[in-house]
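Asker: Have a look at this one before I ask anything.
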Amino acid sequence: MISTLTGNVRSISTDRVIIEVGGVGLSVLVNSQTSLSLTLGTQTTLYTSLVVREDSLTLFGFLMEETRKLFELVQTVSGIGPKVALSIMGALSAEDLARAISQEDTSIIERVPGIGKKGAQRMILELKGKIAELSTGQSYQGHQPPWREQLTSALVSLGFTPKESDSAITTVVNQLREDSADPAAMDLSELLKLALASGKNARG
């Protein structure tokens, strides 16, 4: 099983990239979010899933290991193959998907191309319970805004675990929303101060 690729980006298109590893160019299917995050000529690491068929070997690549795991998990649902699973990863963050499943909200899942109402209902039925932890785990946040990534990094460097960091940040975000404040418009130092206070209270 090919689980990761580290090499130079030789070609980028909307749905695939070519990564040169040891002089060999490997074609990897990706979603548009992943392709937009890569830069031609730079070195990158992709977390990959190899799908084996009688007539093909296809690599699917992701920027985060957790996204790759979620990609493999949704394929356990009846009727969902790798290409639809890739569409799901591009259309919904792990948090959005976990929330939709826990709240049994088919309308969110129906946004994904190739997933109708019956498909959304089947996903909820078959994944409920399996995906519950995605709504709270920091590692499953998917594509986070830059300020949140920077704040998480700062908290972890100060001794917080990723889960504690995420909990503290979520508390701060909820408080700011109640006050109609936008965290993206605030200084990182101010957000860090609020998150530290929140984390300290949670730790007791």
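Asker: Could you check, for the range 43-57, whether at least one of its residues is modelled with pLDDT under 90, surrounded by fewer than 21 Cβ atoms within 10 Å (Cβ to Cβ), part of a loop (DSSP other than H, G, I, E, B) and more than 15 Å from the chain's Cα centre (by Cα)?
Answerer: Yes, there is a match, as at least one residue in the range 43-57 is modelled with pLDDT under 90, surrounded by fewer than 21 Cβ atoms within 10 Å (Cβ to Cβ), part of a loop (DSSP other than H, G, I, E, B) and more than 15 Å from the chain's Cα centre (by Cα).
Asker: Same structure, new question: Taking only pairs six or more apart or across chains, which ones have beta-carbon atoms under 9 Å, a first residue in the range 1-25 that is more than 14 Å from residue 59 (Cα to Cα), and a second residue that is part of a strand (DSSP E or B) and among the acidic types (Asp, Glu)?
Answerer: 7/20; 8/20; 9/20; 10/20
Asker: Further, regarding this structure: Working only within the range 1-31, note down all residues that are in a loop (DSSP other than H, G, I, E, B) and small (Gly, Ala, Ser).
Answerer: 3, 13, 22, 23, listed by residue number.
Asker: Right, next: Restricting attention to the range 61-79, which residues are outside any helix (DSSP H, G or I) and either touching a residue at least 60 places away in the same chain (Cβ under 8 Å) or surrounded by fewer than 22 Cβ atoms within 10 Å (Cβ to Cβ) (or both)?
Answerer: Hits for the range 61-79 are 63, 64, 75, 76, 77, 78, 79.
Asker: Of the residues 34, 39, only one is hydroxyl-bearing (Ser, Thr, Tyr) and in a loop (DSSP other than H, G, I, E, B); which?
Answerer: From the options 34, 39, the qualifying one is 39.
Asker: Keeping to the range 156-185, report how many residues are among the aliphatic types (A, V, I, L, M), over 21 Å from residue 66 (Cβ atoms), surrounded by 14 or more Cβ atoms within 10 Å (Cβ to Cβ) and in contact (Cβ under 8 Å) with a residue 24 or more places away in the chain.
Answerer: 1
Asker: Related question: When residues of the range 166-188 are filtered for being touching a Phe, Trp or Tyr at 6+ places or on another chain (Cβ under 6 Å) and not in a helix (DSSP H, G or I), how many remain?
Answerer: 0
Asker: Also: Whether any residue in the range 93-101 is more than 30 Å from residue 44 (Cβ to Cβ), outside the structural domain of residue 44 (by TED's automatic domain parsing) and either in a loop (DSSP other than H, G, I, E, B) or touching an Asp or Glu at 6+ places or on another chain (Cβ under 6 Å) (or both) is what I want to check.
Answerer: No - not one qualifying residue is present in the range 93-101.
The values are calculated or read from the model by the stated rules, or taken from the named source; none is laboratory data. It should be emphasised that the depicted structure is a prediction, and the values quoted were computed from it without experimental measurement. With ideal geometry, Cβ positions are generated from the backbone for all residues, glycine too; neighbour counts draw on all protein chains shown.
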